[in-house]
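Notes for the one structure printed next.
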Amino acid sequence: MITILFSNVLIVGGIAFLSALMLYFISKKFSIKENPVLDKIEKSLPGANCGACGKAGCKNFALACIVSSREEFENLYCPVGGAETMQKVAKILGFKAPKKEPQVAVLKCNGTCDNAPIKLQFDKIISCRLANQISVGQTECPNGCLRLGDCVKVCKFGALKINEKTLIPEVDESKCTACGACARICPRGLFEIRAKGEGGKRVYVACNNKQKGALARKNCKAACIGCMKCAKICSQIQIKDNLSYIPSDVSAEKYGEELVKNCPTGAIILKNAQSKKEHS
Amino acid sequence: MTKTFSLGGIFPKKYKITSEIPSKDAGLPEYVYIPVKQHIGTPAKILVNKGDKVKVGTLLADADGVISADVHSSVSGEVIRIDETEAASGYFENMITIKVQGDEAEDYIDLSQTLCKEIPETPQEIIDKIRKAGVVGMGGAGYPTPIKDTIPQDKKIDILIINGIECEPWLTSDDRLMVEKAEEIVIGAKILNKLFGIQNAIIAIDENKLKAIDIISNITKRYVGVNVRVCKTKYPQGGEKQLISAITGREVPSGKLPMDIGCLVQNVGTVFAVYEAVMKNKPLYERYVTVSGDMCKTPQTFKVRIGTPISFLIDQCGGYDEKTAQIILGGPMMGNSIIHTQAPITKTSSGVLLLSNELSKRPTPTDCIRCGKCVDSCPMGLRPYLIGIYTRNNLLEELKSIHAQDCIECGCCAYICPARIPLLDFCKLAKIELKNKQGK
C-alpha cells in the first residue's frame with residue numbers, strides 16, 4: 001500500500017517538475033519585451049479605464065504618452081488623475097506637465113421638488129434616455145432633469161447620487177473627476193464640465209430651458225426666463241434661445257454675488273460662496 | 001385555411017367592444033390644432049399667416065424636402081395662432097391653431113357619396129393626386145405614401161398587400177372602416193394595382209372580423225385582381241413583416257425593405273385615403289378613431305377631423321374620472337400614454353384608450369427565470385432577454401451582433417414574461433442607443 005502511494009507521489013511530482021521546467025524555458029524563449037516605462041506610467045494612472053481622456057483605456061493612454069513628442073504630450077490629459085498624475089507621468093518621460101485647471105461636472109437644472117412639482121407619475125420607466133424619447137417628463141419641463149438617474153448609474157466614481165429631498169442628482173465635488181460620462185449619457189445634455197474655479201467658487205446658470213419666459217416659469221419656479229438682467233451686469237454673459245449662459249472665465253469672485261442677487265428666478269447658482277471666507 | 005406568420009406571437013384578450021357599433025361623426029370642435037409634422041421626415045413648410053381665412057381642404061403647409069407630406073386644413077375658419085403648442089407627448093411642436101367658423105369646403109373637393117369607378121389613366125396622374133392630398137401611412141408610422149409608392153426602376157412589385165388586420169386589443173377603427181367603406185377600399189386597391197401595373201392585390205383581414213370579411217369578399221367577386229385572405233387572430237399579425245410572412249411566406253431580410261422582395265403593404269386606412277384623394281380630390285383631413293377602454297363610459301368609433309383635441313372626443317364618450325389611470329393614444333401594446341388631452345388627433349392616431357389602474361399598472365419586475373418564453377414569443381426571432389442584459393451593461397457591439405435594431409417594438413416579450421421584466425423598454429433603449437451610435 002505504502003509503496004503504491006509513494007510511487008504515485010513520485011510519478012505525479014515528476015510530471016509536475018518536468019512541466020514546470022518546460023514552462024520556464026518556453027516563457028524565457030518566447031517572452032515579449034515590454035517597455036518598462038509603459039508599465040511605470042500605467043501604474044501611476046488611476047486605472048479606471050473610463051475613457052475620459054479620449055483613449056480606449058489607461059494602457060492606451062500610457063502608450064499614447066510614450067509615443068508622443070513634447071508638443072503632442074501637452075494635448076494629452078487625464079482628467080481623472082488631474083495635474084498630480086500628469087506631473088508624475090511627465091517626470092517619468094522627462095517632459096513638462098501641461099497645465100490645466102481642475103474641472104468638475106455641474107448640473108444645469110435646478111428643477112427640485114419645490115421648484116418643479118411632479119405633475120404626472122412615471123410607471124417604472126427604466127431609463128432617462130427612454131423616458132426622454134416618449135414623454136416630456138414628470139415635471140413637464142421639456143429640457144429639465146427627468147430624475148431617473150442614468151447619470152448615477154454611469155458614474156464610476158460614485159460622485160453622483162439622487163438627493164432624496166430634491167429628487168435631482170447631486171455632484172459630490174470631492175469625488176467628481178470630470179470624466180464627462182454623465183455629460184455624454186444625459187439625453188438632455190444637462191451636465192457641463194466646467195472649471196472648478198478659484199477656491200472652488202464658481203457661478204453658473206442652473207437651467208437648460210429654452211422656452212419663452214412665461215412657459216418656462218409655468219413648470220419650474222427656478223427656470224431661466226432670459227430676462228437679460230445678468231447680461232447687463234457682465235458683458236461676457238450671452239443669452240441665446242431665452243437661456244443665459246455664463247462662460248467659465250466670468251469671475252465668480254467679482255460678479256458671483258451680484259448675479260445671484262439680481263436673478264429674479266434664482267436660476268443662477270453660486271457654489272462654495274462661503275469657502276473663501278473660511279480660509280481667510 | 002387561415003394564414004399566419006411562422007415565428008412567435010401572442011394571444012392577448014381582444015376587448016373589441018366597439019366592433020358592432022356604427023361609427024359616428026365627431027362633429028366640429030371650437031378650435032383645431034394642426035401639427036405641421038404628422039409624418040416621418042421633415043416638417044412641412046407653413047404657407048398661411050395669422051388671420052387668414054381657410055376652408056376645409058385649404059393647403060396649410062407644403063411638403064418640404066424629399067420625405068415630407070402636405071398638410072391641409074380640416075375645418076373652415078380663421079387661423080388664430082401659429083406657434084409651438086403642446087402635443088400628446090408633452091413636447092412642444094409647431095402647430096396651426098384654427099378657430100372653427102361654419103363648415104365650408106374648397107370647391108375642388110367632391111363631397112358627394114356616389115362611388116367613382118373610373119380610374120385615371122397614367123400612374124403619374126395617380127401619384128400626383130396622392131401627393132397633393134398629403135396621404136401618409138395611417139397604420140401608425142406615418143411614412144408619406146407617395147414616396148413609398150414610387151418604386152425605383154430596378155425593383156419590381158408583384159404583390160400588393162392591404163393590411164386590414166387590427167391585431168391590437170380594443171381598437172376597431174380599421175374594422176369599422178372596412179365594414180362601412182368596403183367598396184371604396186376595393187376600388188382604392190384597384191387604383192394601387194394600376195399604379196404598380198399589377199393585378200394582384202390581397203386584402204388581409206383577421207378571422208374575428210366576420211362582417212368585414214363577408215362584405216369585402218362579396219364585393220371582390222365583382223373586381224378582377226383584388227382578393228381577400230383571412231388570417232389568424234394573433235398578435236402582431238398586423239406587423240408589416242409578419243403579414244408578408246403570412247400571405248406570401250417570404251421573409252424580409254434584416255435591414256431591407258418589403259420592396260426588395262417584391263411586396264408592398266398598405267394599411268386599409270391609407271387605401272381609403274388614396275381612393276378619396278384620387279377619385280374625389282379630397283385631401284386627408286379625416287380619419288376613423290376608436291375611443292374605448294374599461295374606463296370609457298360609452299365607447300365609440302368616430303370619424304374625426306384631423307386636429308380635433310382628444311378631450312373633445314373623450315367628452316363625447318362621457319368624459320373620464322379619477323379612476324382613469326392612463327390615457328393612451330394608439331393601441332395598448334404599442335401606443336404611448338398621453339400627457340395633455342388638449343393635444344390633437346393626427347393622421348396617425350388610431351385610437352384613444354382610457355384605462356384603469358388594474359389594466360395599465362406595470363407590475364414589479366422580479367429576476368429572470370430563464371424560461372425562454374420571450375424568445376418563443378418574439379415574432380422577429382430575436383432574443384429579448386439577451387437584449388435586456390446587453391442594454392443594462394451598455395454592450396453596443398454585442399447588441400448589434402444579435403440584431404437588436406430589427407426589433408419591431410411589438411411588446412410580445414414584455415407581455416409574456418412571467419418575471420414581468422420590462423423587456424420592451426430594454427429593446428427600445430437598445431434601439432435608441434444603436435441609433436445614437438450610428439449618428440456619431
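Kindly indicate the residue of the stretch B:410-440 that is touching a helix residue (DSSP H, G or I) at 6+ places or on another chain (Cβ under 6 Å) and among the β-branched types (Val, Ile, Thr) and also farthest from B:Cys368 (Cα to Cα) among those meeting that condition. Among those that are touching a helix residue (DSSP H, G or I) at 6+ places or on another chain (Cβ under 6 Å) and among the β-branched types (Val, Ile, Thr), it is B:Ile432. State whether the residues of the stretch B:165-173 include one that is assigned to a strand (DSSP E or B), of a type outside the set (Ser, Thr, Tyr) and modelled with pLDDT of 90 or more. There is no residue in the stretch B:165-173 that is assigned to a strand (DSSP E or B), of a type outside the set (Ser, Thr, Tyr) and modelled with pLDDT of 90 or more.
The residues of the stretch A:81-111 that are under 25 Å from A:Pro247 (Cβ atoms) and either touching a strand residue (DSSP E or B) at 6+ places or on another chain (Cβ under 8 Å) or at pLDDT 80 or above (or both), listed by number, are A:Met86, A:Glu101, A:Pro102, A:Gln103, A:Val104, A:Ala105, A:Val106, A:Leu107, A:Lys108, A:Cys109, A:Asn110, A:Gly111. Among helices (runs of 4 or more DSSP H) entirely within the stretch B:343-427, having at least 3 residues that are over 26 Å from the mean Cα position of the chain (by Cα) singles out B:373-377, B:384-392, B:396-401.
Return yes or no: is B:Thr324 modelled with pLDDT under 95, open to solvent by 40 Å² or more (accessible area, probe 1.4 Å), on the phi < 0 side of the Ramachandran plot and among the β-branched types (Val, Ile, Thr)?
Numbers: modelled with pLDDT under 95: yes; open to solvent by 40 Å² or more (accessible area, probe 1.4 Å): no; on the phi < 0 side of the Ramachandran plot: yes; among the β-branched types (Val, Ile, Thr): yes.
Taking the combined requirement at face value, the residue does not satisfy it.
Which one of A:Val104, A:Val154 is within 14 Å of chain B (Cβ to nearest Cβ), within 24 Å of the chain's Cα centre (by Cα), of a type in the set (Val, Ile, Thr) and closer than 24 Å to A:Tyr204 by Cβ? Break it down stepwise before answering.
On the way: A:Val104 fails: within 14 Å of chain B (Cβ to nearest Cβ).
The unique qualifying residue is A:Val154.
Give the stretch A:76-88 a look and list any residue that's more than 18 Å from A:Lys196 (Cβ to Cβ) and within 19 Å of the chain's Cα centre (by Cα), or say none.
From the stretch A:76-88, those more than 18 Å from A:Lys196 (Cβ to Cβ) are A:76, A:88; that's our starting set.
Selection gives A:Leu76 alone.
So is A:Gln121 open to solvent by 20 Å² or more (accessible area, probe 1.4 Å) and more than 30 Å from B:Ser360 (Cα to Cα) or not? No: the conditions fail for A:Gln121. Looking across the stretch B:415-440, the residues that are aliphatic (A, V, I, L, M) and within 11 Å of chain A (Cβ to nearest Cβ) come down to B:Ile421, B:Leu423, B:Leu424, B:Leu429, B:Ala430, B:Ile432. In the stretch B:291-315, of all residues being touching a Lys or Arg at 6+ places or on another chain (Cβ under 8 Å) and not aliphatic (A, V, I, L, M), the one that is surrounded by the fewest Cβ atoms within 10 Å (Cβ to Cβ) corresponds to B:Lys303. Exactly one residue among B:Glu84, B:Glu118 is outside any strand (DSSP E or B), open to solvent by 60 Å² or more (accessible area, probe 1.4 Å), modelled with pLDDT under 90 and of a type in the set (Asp, Glu), and that residue is B:Glu118.
Those residues that are open to solvent by 10 Å² or more (accessible area, probe 1.4 Å) and more than 12 Å from the chain's Cα centre (by Cα), I need them from the stretch B:124-145; list them, please. B:Gln124, B:Glu125, B:Ile127, B:Asp128, B:Lys129, B:Arg131, B:Lys132, listed by residue number.
The values are calculated or read from the model by the stated rules, or taken from the named source; none is laboratory data. A quick note: this is a predicted structure, and the numbers were derived from the prediction, not measured. Note that each Cβ is placed from the backbone with ideal geometry, even for glycine, and that neighbours are counted across all protein chains shown. With ligands, DNA and RNA removed, areas are computed over all heavy atoms of the protein, side chains included. Shrake-Rupley method; radii C 1.70, N 1.55, O 1.52, S 1.80 Å.
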